[in-house]
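Read the structure below first, then the notes.
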Amino acid sequence: MSIHRRVSRALSAYALLLALLAAACASAVTVSQAQANPPEFKEPEPRGPDELFTDLPAPTFEGTVPAQTAKAAVLRAPMPEGSDKPEDDLPDSARPAAMGLRMVLEQQLEYLPQIYTEREVLRLERYQPRLRVGDLPRAGAEHKTGTKYEALEHAARSFAAKFVFVTSYHKPAEGAPVAAIARYRAGAGLEAFETVTLDKPGKEDALVAALHTAVEAVTNLPDGHFDSDGKWIEAPRNHPPRIVKFDRSLRHLLELREALEGQQTTNAWIAWEDYVKREPDYGRAAVWGMEVFHALGSSGTSADESLNHYHTAVRIARHGLKHAPNDVMLRGRLCWNTHTWHARKQFALKGLAQALKVQPLHPQLLEWYALVQDYWDPDRTKQAKWIEGNPIDKLKDGRVELVLGNIYFGARHYETGIEWYGKGLKFNPDDHETLQSLAQCAVYEAERLTKIAMPGADGEADRKRAEELYYLAADSMWHALELEPFHLFDYFAHYYLRAITFSFTRLPTSTEDLDRMFLVWAARDGLASMQRMDRLVEKLIKLQRSKSRELAKAAAPGDANYELHWMARLSFSVVDQDSDESIHTLWLMRQRGLRPDKYFGYMKLFGPLVEEYQPKKAE
C-alpha cells in the first residue's frame, strides 16, 4: 500500500472520528436541553358523546370526617372438613343467599366512614383456610359474647385490624343451611353474632330483608364525638339501599359475580342482562355492571367496539346513581373510569368532589381526585401536593400517608416517600402494605446513594445514610413477613435478601440477622444456588443447608416463624427431588390451612396423591 493511500485512509478515519465525536456532543447537548426543558405535556381530547357526561344525580347525604377510624378484616371461615371456599360446600339452593350476604356486608361496611377494610383481596383469600381449624364463633355452635378466640386474635394481628368480621355456614341434618356473621374486637372478644337461614330465594323479599337485618345488627358501630359539655353527639348515618328488591334476583347476581371472578366475560354479560330484566331499578349492582362492560371493552376487536362498551358502562353507572346516589364507591369508580376511558377530566373532578361531600377525606377518593387533576403531567409530585393541602391530619390511621408515600416512591423521590411511610407507621406500625412499601423504597434509595457516593470523606455522609436505609429496609420487610409470610412471598423475599446483604455485597454481622437471611432464602428456593449470594456464603453454605433442613423438619405450629420453616421444608423437598417429603409437607399445609404461592403450584403436580395420602401415626 502506498504512503499516499495510507495517509488518505488515516485522514478519513480521523474525519470519521471527529464526526462521531461531534454527533455525540450534539446528542449530549440535546439530552441536556431536554432534561433542562422537558416537553410540555398535552392532555388528550375528550372522547364520547357530550350528553353522556352531563351532571350526575346529586348525593342526598352530607357526611362528616369520622372522629376515629378502625380497620376491619372480613373473612369467611371454611367448614371443618370442607374446601377453601366455604360457599362451594353449600347446596345450590343456598348459594345465592350466601353470595347475597357477602355483598350486603361489603356494601354496609363501605357506607361506614369510620370503618375501612383490608383491600388485598388475594391476601384475605389466602388467609381464610387457616380458619378451618381452631375454636371460632361458628354457625351451628355455641358462642358467648365477650369470649376471646386465639384464631381471631391472630387474624387481627396479621391484618393490623381492630375488628374481624367472620362469616361461617352450618348444614344441619334437616332443613336449610344457616349462616352466621360474627363481629370480633381485638383484645376484647366477641361483640356481636347474628344468624340467618339460607332459604331458597322466593318471589318476594323476605330473604333479602333477613340478610340486611342481620348485617345491620352486626355492623351497628355508631360514630360521633363528645361536645364541650361532655355530651355524646352521634354523627348522621348514611344508610345503604337494599342490595336487590326481590329474592330471586340474588341468583343472577351470584352468576354475575362468579363469571367475573372466573373471567368468563360472555357469561357475565348474559347474567347481567338477566339481572336487569328482573331488577331495572338497580343501585349497587351497577359496580359489577361496569366491570362487565369494561372487560368487554378491553377485549373488543376494534376501537369503536371497545368505546361503545365503555359508553354502556357509563350509562349503567349513571343509572345506578339514580337509585343509590350516596354510594361513594360507585360514584368514585365511575369518575375514575370516565377519566381514563374518555379523558373527561372536569366531569370526573366534579363527580369526585360530590363523593367527598358524602365521605370527606376518604383516602381512595382523595387519591383518585389527585390523579385525575394532574394525570397527564409527568411531575407526579403535584398530585401529592394537592393531597397534602387537605386537612389530612384529621385522619389518624396511616392510609393517606401510604397514598402519599406511594406517589413519591413512584416519582423516585425516595427520601420523601420514606418520610411519609414512616409517618403512616406511627399511626399503624403493623400495616403490611406500608411496611413492605417502605422496605422497597428504602432499598432503592440506599442503592442510589451507594452509586453516587464520592470516594473518601466526601462520600461518607451518603454511605452512612445508605447503611441506615438498608437496616431500615431489612427490619421493615422482616416485620411484614412476620405478619404475612405467604402473600407474594418470593417477591418480598428478594427485597429482604437484597436489604440484609446491602445489595448482595456483604453478610449480616449479627447471628439473628444471619439466621433470618438463611431462613428466608431457604423458604424461597431451598437455598438453591444464587450467583450473587454464593460468593458471600461459600464457606457457610454446606453446613447451613444441613442445619436449615433440620430446623425445617422440626418446626411445629406455635413455634416462631414455623410457616417460613414449612415453606423451607417444601422447597428443600423439591430441590432434593424427594416426592414423598413433598407430598407429606403439602398434606400438612393443607390440613393447617397454609397457602403460600408455591403450595398451589405444587398441588397441580401432587394434588391427587395428597388427597389419597394417609400419614403414619408417628407423623
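Return the residue satisfying two criteria in turn: it lies in region 373-420 and is among the aromatic types (Phe, Trp, Tyr) and closer than 27 Å to ASP475 by Cα, and of such residues it is surrounded by the most Cβ atoms within 10 Å (Cβ to Cβ).
TRP420
For the subset of region 192-214 comprising residues that are of a type outside the set (Ser, Thr, Tyr), assigned to a strand (DSSP E or B) and farther than 17 Å from ASP135 by Cβ, which member is most open to solvent (accessible area, probe 1.4 Å)? In this case the residue turns out to be GLU194.
Here's the yes/no breakdown for (1) within 27 Å of GLY405 (Cα to Cα); (2) part of a helix (DSSP H, G or I); (3) in contact with a Lys or Arg (Cβ under 6 Å, 6 or more places away or on another chain):
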{"position": "THR450", "(1), (2), (3)": "yes, yes, no"}
{"position": "GLU468", "(1), (2), (3)": "yes, yes, no"}
{"position": "THR505", "(1), (2), (3)": "no, no, no"}
{"position": "ARG524", "(1), (2), (3)": "no, yes, no"}
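Within region 220-270, the set of residues being of a type in the set (Gly, Ala, Ser), within 27 Å of the chain's Cα centre (by Cα) and either open to solvent by 80 Å² or more (accessible area, probe 1.4 Å) or under 24 Å from ASP199 (Cα atoms) (or both) comprises ALA259 only. Checking each residue in region 594-609 for being surrounded by 19 or more Cβ atoms within 10 Å (Cβ to Cβ) and either outside any helix (DSSP H, G or I) or not basic (Lys, Arg) (or both) picks out LEU594, ARG595, PRO596, TYR599, TYR602.
Looking at ARG318, ARG333, ARG344, just one residue is more than 13 Å from ALA286 (Cβ to Cβ) and of a type in the set (Lys, Arg), and that residue is ARG344.
Looking at the structure I just gave you, is ASN308 within 30 Å of SER249 (Cα to Cα), of a type in the set (S, T, N, Q), within 24 Å of the chain's Cα centre (by Cα) and assigned to a helix (DSSP H, G or I)?
Spelling it out, it is not the case that ASN308 is within 30 Å of SER249 (Cα to Cα), of a type in the set (S, T, N, Q), within 24 Å of the chain's Cα centre (by Cα) and assigned to a helix (DSSP H, G or I).
All conditions in (1) assigned to a loop (DSSP other than H, G, I, E, B); (2) buried (at least 21 other Cβ atoms within 10 Å of the Cβ) hold for TYR369, with the sole exception of (1). Only one entry of GLU125, GLU153 meets the criterion of being more than 20 Å from ARG95 (Cβ to Cβ) and surrounded by fewer than 16 Cβ atoms within 10 Å (Cβ to Cβ), and that entry is GLU153. For region 283-304, the set of residues classified as open to solvent by 70 Å² or more (accessible area, probe 1.4 Å) and in contact with a helix residue (DSSP H, G or I) (Cβ under 9 Å, 6 or more places away or on another chain) consists of GLU291, SER298, SER299, listed by residue number.
Only one entry in SER546, SER510 is under 30 Å from ALA446 (Cα atoms) and free of Cβ contacts under 8 Å to residues at least 12 places away in the same chain, namely SER510. Please tell me if ARG183 is closer than 22 Å to ASN238 by Cα, charged (D, E, K, R) and assigned to a strand (DSSP E or B). Spelling it out, ARG183 is indeed closer than 22 Å to ASN238 by Cα, charged (D, E, K, R) and assigned to a strand (DSSP E or B). Here region 107-122 is the region considered, the condition is being touching a strand residue (DSSP E or B) at 6+ places or on another chain (Cβ under 7 Å) and among the polar types (S, T, N, Q), and the residue that is surrounded by the most Cβ atoms within 10 Å (Cβ to Cβ) is THR117. If you filter region 435-483 down to residues that are closer than 25 Å to HIS154 by Cα and touching a Ser or Thr at 6+ places or on another chain (Cβ under 6 Å), you find that the one that is surrounded by the most Cβ atoms within 10 Å (Cβ to Cβ) is LEU438.
For region 128-148, enumerate the residues that are over 26 Å from the mean Cα position of the chain (by Cα) and surrounded by 19 or more Cβ atoms within 10 Å (Cβ to Cβ). Once the filter is applied, which keeps residues that are over 26 Å from the mean Cα position of the chain (by Cα) and surrounded by 19 or more Cβ atoms within 10 Å (Cβ to Cβ), region 128-148 yields PRO137, ARG138, ALA139.
Pairing each residue of region 112-123 that is within 17 Å of LYS85 (Cα to Cα) with any residue that is modelled with pLDDT of 95 or more and outside any loop (DSSP other than H, G, I, E, B), provided the two are 6+ apart or on different chains, yields no C-beta distance under 6 Å. For region 527-548, the criterion of being open to solvent by 10 Å² or more (accessible area, probe 1.4 Å) and within 30 Å of the chain's Cα centre (by Cα) is satisfied by at least one residue.
All conditions in (1) open to solvent by 60 Å² or more (accessible area, probe 1.4 Å); (2) more than 18 Å from SER476 (Cβ to Cβ); (3) part of a helix (DSSP H, G or I) hold for LYS423, with the sole exception of (2). Any residue at all in region 96-106 that's touching a strand residue (DSSP E or B) at 6+ places or on another chain (Cβ under 8 Å) and either in a strand (DSSP E or B) or open to solvent by 50 Å² or more (accessible area, probe 1.4 Å) (or both)? Scanning region 96-106, I find at least one residue that is touching a strand residue (DSSP E or B) at 6+ places or on another chain (Cβ under 8 Å) and either in a strand (DSSP E or B) or open to solvent by 50 Å² or more (accessible area, probe 1.4 Å) (or both), so the answer is yes.
The values are calculated or read from the model by the stated rules, or taken from the named source; none is laboratory data. Predicted model only: the values in this text are computed from it and were never measured. Using ideal geometry, Cβ is built from the backbone for each residue, glycine included, and neighbour counts are taken over all protein chains shown. When the accessible area is computed, the model is the full protein with side chains, heavy atoms only, and any ligands, DNA or RNA have been set aside. Shrake-Rupley method; radii C 1.70, N 1.55, O 1.52, S 1.80 Å.
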